[in-house]
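The values are calculated or read from the model by the stated rules, or taken from the named source; none is laboratory data. Treat the numbers as computed from the prediction; the structure is a model and nothing was measured. Methodologically, a virtual Cβ is constructed for each residue, glycine included, from the backbone with ideal geometry; neighbour enumeration extends over all protein chains shown. For accessibility, only protein heavy atoms count, side chains too; no ligands or nucleic acids. Shrake-Rupley method; radii C 1.70, N 1.55, O 1.52, S 1.80 Å.
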Amino acid sequence: MHLARFPRVRLAHLPTPLEPLPRLSEELGIDLWIKRDDCTGLAGGGNKTRKLEFLLGDAMAQGADTLVTQGAVQSNHVRQTAAAAAAHGMGCRIILEERTGSKAHDYLANGNVLLDRLLGAEVRFVPGGTLMPAELEIEAQRARAAGGRPYVIPGGGSNPIGALGYVDCAREIVVQADELDLKLDAIVTATGSAGTQAGLAAGLALMNLHWEVRLFGIGVRAPRDRQEEMVFNLACATARQFDRDGIVHRECIHANCDYVGEGYGLVDQGVIDALKLAARTEGLLLDPVYSGKAMKGLIDLCRKGVFETGDTVVFLHTGGAQGLFGYESVVGAGL
Ligand SMILES: *Cc1c(COP(=O)(O)O)cnc(C)c1O
């Protein structure tokens, strides 16, 4: 796929490990492996670091000196963007949407918010439901007015450039599986702003593995139709950068949005039980908004027999454990 043709700034510890989960495998009746993208480094790491390598590459090619982005209050994307900016001597302006409506002190001040401030980002809060793309433009305008050269990164870093990070991750998973003699049946990931799943889908298609390795997104926000449409459109746009129009098939895009619960960033007991299971069988820290919901989905899909006994399934750990400290009042109560 020759990713070196795209500008890139190295930020992540790569390749991240692909490790077996023997105790959770036994619990779920599948051969479960984990791709440790929570270990990408960069101020706690997570899936946005891979995207930021290509986004920062593009920003630098354009001569930008300030990153501008947005997310929910406990956004991991925003934290990783603030770290990338700091590590490259750039300014960082972020807008946090009070999307969940929570007024809890830990939610508004601890976890990722504490880290954003520590990393030196300029933080501005806006009420839930604010039109965030317009807000990004306002912020970019302010940066320009102050003499800066802003580079706007959409929420979650999800555009065709950011998704290149997950084209690379798909390649990495396949190389590691070959080294381990693992025949992959499925990859499971949380899906939100869609760049992660879209990049993986485009990467699998570029390797002609899109029919053989099933890719499942577990939605954390939008209903199924909208989520699949977002993933599909972005996967197509991502493949287009390789002049491979038409290789992504709509039938290969699966998003299961049955595990969102009450809404984005809202935690139910099923999520807390998934957090507990991962922690207590494998010593693994998942997060309440994304990877914990994805694990809740994976557990249920196993119980429903979506995977056959012994299927080799890779769970992509997209990170987010730093957000646990923004949810102490909610998660702590359910332990
Ligand atoms: C952003 C995020 C996701 C979702 O990835 P998208 O590319 O936005 O779909 C999953 N897990 C964590 C921890 C995240 O921060």
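Assuming 0.36 nm per residue, please report the length gained on full extension of the stretch Arg23 to Leu209 beyond their Cα-Cα distance. Write out the running numbers ahead of the final one.
Numbers: separation 186, 0.36 × 186 = 66.96 nm, distance 2.85 nm.
Fully extending the segment from Arg23 to Leu209 adds 64.1 nm.
Largest first, what is the accessible-area ranking of Arg93, Arg79, Arg142, Arg10 with a 1.4 Å probe? Let's see the in-between values first.
Working: Arg93 35, Arg79 0, Arg142 115, Arg10 170 Å².
So, going from the largest accessible area down, we get Arg10, Arg142, Arg93, Arg79.
So for the pair Ala61, His249, with labels modelled 7 Å out along Cα→Cβ, what separation do we get in nm?
3.1
Report, in whole Å, the centroid distance computed from the Cα atoms of region 244-283 and region 104-129.
So the separation of the two Cα centres works out to 24 Å.
Percent relative contact order of region 208-304, based on C-alpha pairs within less than 8 angstrom and at least six residues apart? Let's see the in-between values first.
Numbers: 104 pairs, mean separation 30.0, N = 97.
The normalised contact order for region 208-304 reaches 31 percent.
What is the projected area of the convex hull of the Cα atoms of region 179-335, averaged over all directions, in nm²?
Working: hull surface 39.6 nm².
Mean projected area of the Cα convex hull: 9.9 nm².
Stokes-Einstein diffusion coefficient for region 1-118 at 25 °C in a medium of 0.890 mPa s, Rh from the Kirkwood formula over Cα pairs: what value in µm²/s? Write out the running numbers ahead of the final one.
Numbers: Rh = 16.0 Å.
Reported coefficient: 153 µm²/s.
For Glu262 and Val175 in the same chain, what is the full-extension length gain: residue separation times 0.36 nm, less their Cα-Cα distance, in nm?
Details: separation 87, 0.36 × 87 = 31.32 nm, distance 3.83 nm.
Full extension of this stretch gives 27.5 nm more.
May I ask which of Lys51/Lys276; Lys48/Lys296; Lys103/Lys304; Lys35/Lys296; Lys35/Lys276; Lys51/Lys304 have a Cα-Cα span longer than 25 Å here?
Details: Lys51/Lys276 29 Å; Lys48/Lys296 22 Å; Lys103/Lys304 37 Å; Lys35/Lys296 17 Å; Lys35/Lys276 19 Å; Lys51/Lys304 33 Å.
As for pairs spanning more than 25 Å Cα to Cα, those are Lys51/Lys276; Lys103/Lys304; Lys51/Lys304.
Give the Rg/Rh ratio for region 251-301, taking Rg as the radius of gyration of the Cα atoms and Rh as the Kirkwood radius, to two decimals. Can you show the working numbers first?
Numbers: Rg = 11.2 Å, Rh = 11.2 Å.
That ratio equals 1.00.
Would you calculate the separation in nanometres between label points at Gln269 and Arg144, each defined as 7 Å from the Cα along the Cα-to-beta-carbon direction?
Output for this residue pair reads 5.3 nm.
What number results when the radius of gyration of the chain, computed over Cα atoms, is divided by 2.2 N^0.38 Å? Could the numbers behind the result be given before it?
On the way: Rg = 18.8 Å, N = 335, 2.2 N^0.38 = 20.0 Å.
This ratio for the chain stands at 0.94.
Keeping all protein chains in the complex and leaving out DNA, RNA and ligands, what accessible area do you get for Ser102 with a 1.4 Å probe, in Å² to the nearest 10?
40
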